[in-house]
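A.B. asks: There's a structure below that I have some questions on.
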């Protein structure tokens with residue numbers, strides 16, 4: 001008899017065993033504060049609407065009910081799951097919608113008790129009664145969401161989805177069956193493990209980024225790859241820019257004061273700038289003393305996750321809760337290590353990071369609800385360490401070693417957000433993850449032979465096993481750890 005935990009891991013692995021997960025599946029643009037609790041339900045609502053349209057029943061829908069289960073319910077309010085679900089049902093695109101419209105749309109729904117379903121037709125919808133929170137868990141994953149539509153003939157259509165981390169969404173058993181039949185695309189270098197990746201690099205005499213790009217070219221043109229990577233980088237840079245120039249208190253009731261702004265004010269020069277790109281060039285000309293290097297890295301990481309915590313637009317890397325690590329480490333390289341770095345370095349960095357993240361997704365998880373924060377900050381730190389190692393001239397073996405070192409020192413990290421908010425300890429953990437990534441890259445580069453005592457694939461396997469053994473109260477449920485040991489004021 002297969003248990004629900006075993007079934008989920010089987011479902012997740014079948015879904016991922018496609019030889020290659022696109023760079024742009026691992027690095028997505030979305031709205032904070034959480035990829036699994038905000039972006040996932042948002043995308044699930046979109047998928048459900050599309051399924052209704054494909055079935056020809058969209059125009060027959062008279063009312064909607066949404067049921068949130070497990071972790072989506074227990075930390076749903078703090079993660080804005082209810083808001084994201086309403087925005088998804090309203091047909092909004094998290095990548096491109098004007099963020100200033102979020103408040104207007106939510107206010108309209110709550111005051112009028114109706115929403116514009118799929119951005120096409122008005123139907124009654126009262127958030128307090130039509131979105132229901134359930135503490136119990138659905139059978140196959142802790143992040144369950146169920147949509148129910150009542151049609152004009154009083155029949156019902158139900159769609160149940162699971163948000164499995166990083167904005168990835170699956171639909172119970174049907175997606176497992178579909179995934180089994182989906183593996184028909186032929187990639188030059190199908191990758192499920194670090195060992196396979198290293199073998200390809202050595203055999204072809206190519207860098208990790210070159211192997212991954214060859215796979216990506218099966219899906220899209222080189223011009224399109226570069227354009228999408230530029231859009232990813234621009235979003236990261238803009239996010240850091242906004243975070244460094246915004247003061248105030250983060251929403252949610254914890255009264256967390258933004259720190260990136262004050263930190264930046266103490267570090268910056270007096271040069272003038274008006275765009276994120278000009279800002280980057282200004283920083284690169286600023287004299288950086290040894291003791292301020294860590295402050296700069298922390299500033300960049302804090303900036304991203306303060307934006308994320310306030311429903312800003314970030315890049316899931318591999319999740320929203322860990323969105324600050326990769327841009328902070330990339331900025332470290334451009335601001336501290338190599339002032340001559342250009343977009344060619346950015347492309348390689350993001351490409352390597354995405355591949356390392358995809359191996360963790362295939363072999364373990366990137367969902368904090370399944371694996372704790374080791375699956376978010378741990379994976380993002382490993383991704384950043386590997387990427388930094390390549391653009392600093394490391395060999396493929398050293399790239400994998402850096403990823404292993406970074407994850408090794410995050411194993412067992414729990415996810416216990418205070419108040420169910422992606423703020424404490426989440427924001428500071430991005431700073432810590434970025435620092436560990438830089439250190440891991442340096443340690444890997446010091447090993448000239450790249451001969452790791454602990455292979456990269458072993459740490460992936462260990463992370464998976466640790467995730468399975470971890471008590472569920474430490475997996476993004478706010479039922480253990482800091483989440484219950486710290487008294488917070490009523491929100």
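A.B. asks: Give 8, 15, 58, 24 a once-over and let me know the one that is at pLDDT 95 or above and under 30 Å from residue 188 (Cα atoms).
C.D. replies: None of the other options fit; the residue is 24.
A.B. asks: Residue 251 passes all but one of (1) in contact (Cβ under 8 Å) with a residue 60 or more places away in the chain; (2) assigned to a loop (DSSP other than H, G, I, E, B); (3) closer than 20 Å to residue 276 by Cα; which number fails?
C.D. replies: Residue 251 satisfies all of (1) in contact (Cβ under 8 Å) with a residue 60 or more places away in the chain; (2) assigned to a loop (DSSP other than H, G, I, E, B); (3) closer than 20 Å to residue 276 by Cα except (3).
A.B. asks: Now for a different question. Taking the condition of being within 14 Å of residue 88 (Cα to Cα) and either assigned to a loop (DSSP other than H, G, I, E, B) or more than 28 Å from the chain's Cα centre (by Cα) (or both), how many residues in segment 123-139 meet it?
C.D. replies: Qualifying residue count for the region: 1.
A.B. asks: Oh, and also: Can you find a residue that is surrounded by fewer than 18 Cβ atoms within 10 Å (Cβ to Cβ), assigned to a helix (DSSP H, G or I) and at pLDDT below 95 anywhere in segment 448-465?
C.D. replies: no
A.B. asks: Which condition breaks for residue 137 when tested against (1) at pLDDT 95 or above; (2) assigned by TED's automatic domain parsing to the domain that holds residue 62; (3) over 20 Å from residue 80 (Cβ atoms)?
C.D. replies: (1)
A.B. asks: Against the conditions (1) farther than 18 Å from residue 26 by Cβ; (2) within 25 Å of the chain's Cα centre (by Cα); (3) at pLDDT 95 or above, where does residue 188 fall short? Just the number, please.
C.D. replies: Unmet for residue 188, out of (1) farther than 18 Å from residue 26 by Cβ; (2) within 25 Å of the chain's Cα centre (by Cα); (3) at pLDDT 95 or above: (2).
A.B. asks: Of all residues in segment 219-234, which are in a helix (DSSP H, G or I), touching a residue at least 40 places away in the same chain (Cβ under 8 Å) and touching a helix residue (DSSP H, G or I) at 6+ places or on another chain (Cβ under 9 Å)?
C.D. replies: 225, 226, 228, 229, 230, 232, 233, 234
A.B. asks: Here is a list of conditions, (1) within 30 Å of residue 139 (Cβ to Cβ); (2) in contact (Cβ under 8 Å) with a residue 60 or more places away in the chain, and residue 377 meets all of them except one; can you say which number that is?
C.D. replies: (2)
A.B. asks: Does residue 269 qualify as being in the same structural domain as residue 452 (by TED's automatic domain parsing), surrounded by fewer than 16 Cβ atoms within 10 Å (Cβ to Cβ), out of contact with any helix residue (DSSP H, G or I) (no Cβ under 8 Å at 6 or more places or on another chain) and not in a helix (DSSP H, G or I)?
C.D. replies: Considered against the rule, which asks whether it is in the same structural domain as residue 452 (by TED's automatic domain parsing), surrounded by fewer than 16 Cβ atoms within 10 Å (Cβ to Cβ), out of contact with any helix residue (DSSP H, G or I) (no Cβ under 8 Å at 6 or more places or on another chain) and not in a helix (DSSP H, G or I), residue 269 comes out as no.
The values are calculated or read from the model by the stated rules, or taken from the named source; none is laboratory data. All figures in this text were calculated on a predicted structure; none of them were measured in a lab. Note that we place each Cβ from the backbone using ideal geometry, even for glycine, and neighbour counts take in every protein chain shown.
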